[in-house]
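Undergrad: I have a structure here, written as C-alpha cells, and I will follow up with some questions on it.
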Protein chains: 4
Amino acid sequence: MELQKSTYILRIDCPDQKGLVHKITGVLYHNDSNVIRNDEFVDHATGHFFMRTEFSGQAQPSKILNGLHGMLPTQVNISLTTTQTKNVVILATKEHHCLSDLLIRNKFKDLNMNVQAVVSNHETLHELTEKFDVPFHLISHENKSRETHEAEVLAAVQSYQPDYVILAKYMRILSPEVTSHFPNRLINIHHSFLPAFIGANPYKQAFERGVKIIGATAHFVNENLDEGPIIMQDVIRIDHSQTAADMARAGRDVEKIVLAKALKLVLEDRVFIKDNKTIIFE
Amino acid sequence: MELQKSTYILRIDCPDQKGLVHKITGVLYHNDSNVIRNDEFVDHATGHFFMRTEFSGQAQPSKILNGLHGMLPTQVNISLTTTQTKNVVILATKEHHCLSDLLIRNKFKDLNMNVQAVVSNHETLHELTEKFDVPFHLISHENKSRETHEAEVLAAVQSYQPDYVILAKYMRILSPEVTSHFPNRLINIHHSFLPAFIGANPYKQAFERGVKIIGATAHFVNENLDEGPIIMQDVIRIDHSQTAADMARAGRDVEKIVLAKALKLVLEDRVFIKDNKTIIFE
Amino acid sequence: MELQKSTYILRIDCPDQKGLVHKITGVLYHNDSNVIRNDEFVDHATGHFFMRTEFSGQAQPSKILNGLHGMLPTQVNISLTTTQTKNVVILATKEHHCLSDLLIRNKFKDLNMNVQAVVSNHETLHELTEKFDVPFHLISHENKSRETHEAEVLAAVQSYQPDYVILAKYMRILSPEVTSHFPNRLINIHHSFLPAFIGANPYKQAFERGVKIIGATAHFVNENLDEGPIIMQDVIRIDHSQTAADMARAGRDVEKIVLAKALKLVLEDRVFIKDNKTIIFE
Amino acid sequence: MELQKSTYILRIDCPDQKGLVHKITGVLYHNDSNVIRNDEFVDHATGHFFMRTEFSGQAQPSKILNGLHGMLPTQVNISLTTTQTKNVVILATKEHHCLSDLLIRNKFKDLNMNVQAVVSNHETLHELTEKFDVPFHLISHENKSRETHEAEVLAAVQSYQPDYVILAKYMRILSPEVTSHFPNRLINIHHSFLPAFIGANPYKQAFERGVKIIGATAHFVNENLDEGPIIMQDVIRIDHSQTAADMARAGRDVEKIVLAKALKLVLEDRVFIKDNKTIIFE
C-alpha cells in the first residue's frame, strides 16, 4: 500500500560501528525521503549508537525497514512510526495540579496525547475529570489487600490498552507486579530533585535538611522506587521563611511543568532509554 | 570613648516573645542611631526570633548592649560589630578554580575578607598563591598518620587566628577533632546539590544516576560529613552527552560562584545558624 | 465592635524618618496584637519607607489606625485589611493557557481570589469558562469603533466592581480611558522579558534577533503600553533550532506561571508601588 | 604528507539539498575516518544546512576536502581544522573581573586559547596582567583623536595576528574602521540581557525600569553597537532592595561566566554565524 506523503519518525539504536550515519541516511536517500531533522549520539562509554530522524516522503516503510535491516548490526532496535497521537491513562489520588494541567492540555491538544481515562483511589478528582469528558474510575483501596487493589487498578488500566501510563501524583507505591506490565511506558512525577529525598514526604525532608533549592523529577518507573531513568528535572529557590507546606505549594507548579515537559519529549518519540538513563533529542 | 560615626551590625536571636521588634528598635532609637536596614524573622516552628540591623550613628555600643540586655530574654545571643574585614585561612588541595577565584576577589577586595594564608597538602597551588602575595603552607599528608597530619594543619591554621576557615576544594575529610575548633566558622564547598550525592566523586555518581541537573552546595562543616547547615546552592542543566569529566568541568564554575556568594553572605554577617539550618538576610 | 481573633495585614508607606519601626510596632504592641511577620524597606534613593505587617489579635482596627495616624508623617499611606479573598475580572482573547490556569486555581482556591467573570472579544474560550461555572461575556469588537468597544468592555467589567482586573493574554491595547479606571489594579502578562521586545509579536522579534533566552513579564498597566511597574519575570533558554512558533509554545508555560506568581503576591497584599517600580515582600 | 592520527573538526554550511548528510558522511567513511561526534541542523526558514563533525583517523585532509567539493553545492563553506589552541588578544579598560577570569583560565588551560596580549586604555590592570606573564599594552586615549587612538589599538592588536579579539569590559565603542578588520572574530561581553538596555549604563537603566531579572550577553561585534550575533546569555534575579551599584556587583559574576562559556563554544569551533544569528552545536 502506498503511503500518503506524511511525517515519519525513524528511531535506531545499536552497538556503534563505522559508517552507521552514512548507511542509514543512504537508505533514506535512496527511498526518496526528505529528512526534516536528524539527531544522532554515540555513547562512547558503552559504545552504543542512537539516531532519530524525522522525514517526509512517498517511501514505503517496509522498503525502508528492509533496507535498514540488511545493513545494520543484528542487535539493532528499529522503529518507524508516524507522528500519531499516543493513548494514555492517568493515575491520580487527591492532588489536582498535575491532573488539571494534563486535562487542560488534553482538551487543547497541547501534547501529542489522547487521555483515555483517569483512575484514582479517591473520589476527590472525579468531578474535575468529568468536566473534561474523560472517564473516571474510582478504585478505592479501602478494605482490600494491596494485591486485590492493584489487580483492579491494573485491569482498569489495561482495558484501555494505553501506549503510556502516567502517575500524576498517584500516592501509592506500585509493586513490580504492576510496573512490569509497562516497561518504559510508565512515567511518574516525583516531588523532589532526585536522588535527593527519595521516598515519602520529600518537602518535609527538604525543610528539615534546610536546603535552599527544591525541585521535581519526571522519570520512568521501574521495579525500584524512584530509581528509574530520569527524563526531566527542574528546581526553584526557597529560603528559611518557607515551611514544608509553603514548599509543597511552590513545588506544585514545578511538578506540573516538569511532568508536562517530560511527556512532550516522550510523546514525540524523542526519548531513548539505555540501562538506567535517557538519551533525549530535544 | 566616643565612637566615630560609622556603620554597625546588630544581630540578635532569642526565643520569640511579644514586642521584641518594638523594644529593640526602641533602644536604637533612644541611642540616636540611624537604622539603615532592618530584617527580622520568627521561625514559628521553633518559636525563635532572629533580627539583623545595620545602623549608623554616634551611639556608644556598650550603652546599646546594656539597654538590650536589660529587656531581652536571658537566653539571647547578641552581637554588635562594625563591618570590619574578616580574616580567613583557605585550605585547598590541587584544584585551582575556587582558590583562584578567592585570591582574585581578595586582591580586588570584592569580599569583606582578608586572606591570611593558604594551607594545602599538595604543592600544586603554591605558585598561584604566591603570585598574589599570600603565604602558602605545604603540609603534605604523605608518610604521616591522619592524626599527625591533621594536628599540623590545625596548628598552621590556628597560628593565624582566623575568623573563618574556608575549604576551597580541600579533598581530605577533616575529623571532628579539627572541625570542633571552628564551630560555625568552617565553610566548605561541596560539588553536588546536597543531599544528593553525599561523599566522594559526586559527578561520577551524578553521571551514573543519569540526572539532568547538577549543582554545588556551600555549607558550614560540622562533625558529620556534608551534613552541616547549607548556606547557598545553585545548579546547571546537563544532558546525556556529558561525561562525568564534562560535568566536573562545567561544575567548577558553579562551585566557585556558589562559594563566593555564600562567603559574601557570611562575611557580611547576614547568616544565622539555628540547629542545622541557616537563616539568611540577603 | 469587637473583632474576631483573626489575621490582619497592615501596610504603611511614607517618607522615611527616624524611629518609624519602633513607633509603628509600639502601636501594635500596646494594642495587644501578635506580630506574625514583619517586613520593612527603606528606599534610600527616594527616602521612602515601606512596611508590611501580618498580625493577629483582639485589637480594634480603628484604635490601631488612630494610634498610627497620630504619630506618622502626614503624607502617609496606611491600609489595614483582613486577608479576605479579592474579587477579580479576567479579560482574555483566544489563547487559553493563562485563563485555563487561573480557572483551575480559582476552582481549587490556590490563589486568594474569586473570579467573578471573564470578558472576551472572541467566543473561543466561552465553553472553557462555563465549564468552571464562571460567567462569560462576549463583547465582540467587530463592526464597532474602538471607543464603543472599550466602553462596552469597561461597563461589563465595572458591573462587577472587581478589586483587580487581569489581562490574561487579552490581545487588544487598552486606551488610557479604560486603564485610568483601574490605577494599580490592572495586571497584564506580557510575553517577553520586558523591556526587550515591547509591543506586538515579541516571539517573532526574539526569533529575528536570535536571543538565547526568552521570558515573560507580569506588570501593572498604566497609560503607556508595556511600561507599568513590573511585578514578576521569568525566563527559559532557547536555541537556534526553535522557530518563533516553538518559542511561543514554550513561552506559554512561563507566561502562565509568571502571571500566577505575580497574582499571588498582589492578592496577598505583598506588593507596594512607588513611581514606576514595585517593592515586594515575598 | 601523511598526517598523524589526530582529531579533526569539519564544518560545512551551504544551501540545503537532499542527501547532504549521506554524501558528506560517505566521504568521511570512504577516507577511513572515525566519526566521534556529528551534529547537523537545517534552518527551514532560510533553507540552509549546517554540519559539524569531529573525527579521527589517518585520512589526508586534502583528499577529504577534494571529495567534499566534488559533490557539494558551489556556495558551500567548508573548513577542516585540527583542535589546535587559538590565539587571542584581550581588550580591557579598568574593570578586572572578566580579564581576571580569562587570565586564570589561560594559566590553567581551561579554554582552548592562548592569550597573546592585553591591550588597555588604562594602567589599572597592568600589574594583574603581568602577574600572569602576559604582555600588557597601555594605549591611552588621552590627548588623542578617536581615530589616532583606534589606529594605535588596531596596530597593537594586529601585530599579534590573533585568531580572535575579546572585549573583556572594554568600555570604548569601536568604530567600524576597527571592527571591520575582525569579521566574526571580535567578541564582546555586554552587561545586560540584550536587546534590553542597549548602550551605556545598562544596570542604571535596569534599576530605573525596575526589572526583576538582569543578565549578560556575549556576542560577536559587527558595525552596529550591541547588535551582533548573540552567542550566550544568562540572568540572575534581583529585587527592589538592590541599587544600580548592587546590580553591577552581582552582575559581574554573570558577565565573567557568560563570556567564558561563549568563548568555550567559539574556541572549540562550535559556533556558526548566519546573517545575524548563531547556530551552536554544544
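The values are calculated or read from the model by the stated rules, or taken from the named source; none is laboratory data. For clarity, every value in this text was computed on a predicted model and none was experimentally measured. Quick reminder, even Gly has a Cβ in these numbers, built from the backbone with ideal geometry, and neighbours come from all protein chains shown.
Undergrad: Name the residue that is nearest to D:ASP133 (Cα to Cα), counting only residues in segment B:101-156 that are surrounded by fewer than 17 Cβ atoms within 10 Å (Cβ to Cβ) and among the β-branched types (Val, Ile, Thr).
TA: Per the stated criteria, the residue is B:THR124.
Undergrad: Across segment B:190-200, which residue is farthest from the other protein chains (Cβ to nearest Cβ) among those that are in contact (Cβ under 8 Å) with a residue 24 or more places away in the chain and surrounded by fewer than 22 Cβ atoms within 10 Å (Cβ to Cβ)?
TA: Checking each candidate, the answer is B:GLY199.
Undergrad: Given the conditions (1) at pLDDT 95 or above; (2) more than 14 Å from chain B (Cβ to nearest Cβ), and given that A:HIS219 satisfies all but one, which numbered condition is not satisfied?
TA: A:HIS219 satisfies every listed condition except (2).
Undergrad: Would you pick out the residues in segment D:180-224 that are closer than 30 Å to A:ILE238 by Cα, assigned to a loop (DSSP other than H, G, I, E, B) and of a type in the set (Gly, Ala, Ser)?
TA: Within segment D:180-224, D:SER192, D:ALA196, D:GLY210 meet the criteria.
Undergrad: A follow-up question, please. Restricting attention to segment B:253-282, which residues are facing another protein chain (nearest Cβ under 8 Å), touching a His at 6+ places or on another chain (Cβ under 8 Å) and within 28 Å of B:TYR203 (Cβ to Cβ)?
TA: Result: B:ASP253, B:LYS277, B:THR278, B:ILE280.
Undergrad: Residues that are assigned to a strand (DSSP E or B), within 14 Å of chain C (Cβ to nearest Cβ) and touching a residue at least 40 places away in the same chain (Cβ under 8 Å): does segment B:32-39 have at least one?
TA: Checking segment B:32-39: at least one residue is assigned to a strand (DSSP E or B), within 14 Å of chain C (Cβ to nearest Cβ) and touching a residue at least 40 places away in the same chain (Cβ under 8 Å).
Undergrad: Restricting the search to segment C:47-75, which residues are of a type in the set (Ser, Thr, Tyr) and in contact with a strand residue (DSSP E or B) (Cβ under 7 Å, 6 or more places away or on another chain)?
TA: Within segment C:47-75, C:THR53, C:SER56 meet the criteria.
Undergrad: Of all residues in segment C:112-130, count the ones that are within 11 Å of another protein chain (Cβ to nearest Cβ) and either closer than 30 Å to A:ALA245 by Cα or assigned to a helix (DSSP H, G or I) (or both).
TA: Of the residues in that region, 3 qualify.
Undergrad: Just to be sure before I move on: is A:ILE104 away from chain C (no Cβ under 14 Å) and modelled with pLDDT of 95 or more in the structure I sent?
TA: no
Undergrad: Taking the residues in segment C:225-282 that are among the small types (Gly, Ala, Ser) and assigned to a loop (DSSP other than H, G, I, E, B) as candidates, determine which candidate is surrounded by the fewest Cβ atoms within 10 Å (Cβ to Cβ).
TA: Looking at the filtered set, the residue picked out is C:SER241.
Undergrad: Please verify whether segment D:92-109 includes one or more residues that are farther than 19 Å from D:ARG252 by Cβ, of a type in the set (A, V, I, L, M, F, W, C) and touching a helix residue (DSSP H, G or I) at 6+ places or on another chain (Cβ under 9 Å).
TA: yes
Undergrad: Being in contact with a His (Cβ under 8 Å, 6 or more places away or on another chain) and within 14 Å of another protein chain (Cβ to nearest Cβ): is that true of A:GLY210 here?
TA: Yes; evaluated as a whole, the condition is true for this residue.
Undergrad: Run down A:THR81, A:THR74, A:THR46 and say which single residue is part of a strand (DSSP E or B), polar (S, T, N, Q) and either more than 9 Å from every other protein chain (Cβ to nearest Cβ) or farther than 23 Å from D:LYS23 by Cβ (or both).
TA: A:THR81
Undergrad: What do you reckon, is D:THR148 more than 12 Å from D:VAL89 (Cα to Cα), of a type in the set (Ser, Thr, Tyr) and not in a loop (DSSP other than H, G, I, E, B)?
TA: For D:THR148, the condition - more than 12 Å from D:VAL89 (Cα to Cα), of a type in the set (Ser, Thr, Tyr) and not in a loop (DSSP other than H, G, I, E, B) - is met.
Undergrad: Inside segment A:50-64, can you point out the residues that are within 26 Å of the chain's Cα centre (by Cα) and in a loop (DSSP other than H, G, I, E, B)?
TA: Residues satisfying the conditions do not exist here.
Undergrad: Among the candidates C:GLY26, C:GLY67, single out the residue that is surrounded by 13 or more Cβ atoms within 10 Å (Cβ to Cβ), in a helix (DSSP H, G or I) and more than 9 Å from chain B (Cβ to nearest Cβ).
TA: C:GLY67
Each row is one residue, and each column tells you yes or no for (1) within 25 Å of B:THR7 (Cβ to Cβ); (2) aliphatic (A, V, I, L, M); (3) within 14 Å of the chain's Cα centre (by Cα).
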| residue | (1), (2), (3) |
| --- | --- |
| B:TYR203 | no, no, no |
| B:GLY215 | no, no, no |
| B:GLY228 | no, no, yes |
| B:SER241 | no, no, no |
| B:LYS261 | yes, no, yes |
| B:ASP269 | yes, no, yes |
| B:THR278 | yes, no, yes |
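Undergrad: Still on this structure: For segment C:171-178, indicate whether the set of residues that are in a loop (DSSP other than H, G, I, E, B), in contact with an Asp or Glu (Cβ under 8 Å, 6 or more places away or on another chain), free of Cβ contacts under 8 Å to residues at least 60 places away in the same chain and surrounded by fewer than 22 Cβ atoms within 10 Å (Cβ to Cβ) is non-empty.
TA: For segment C:171-178, residues in a loop (DSSP other than H, G, I, E, B), in contact with an Asp or Glu (Cβ under 8 Å, 6 or more places away or on another chain), free of Cβ contacts under 8 Å to residues at least 60 places away in the same chain and surrounded by fewer than 22 Cβ atoms within 10 Å (Cβ to Cβ): present.
Undergrad: State yes or no: is A:GLY19 in contact with a Phe, Trp or Tyr (Cβ under 9 Å, 6 or more places away or on another chain), touching a residue at least 24 places away in the same chain (Cβ under 8 Å), within 14 Å of chain D (Cβ to nearest Cβ) and at positive phi?
TA: So A:GLY19 does not fit the description; no.
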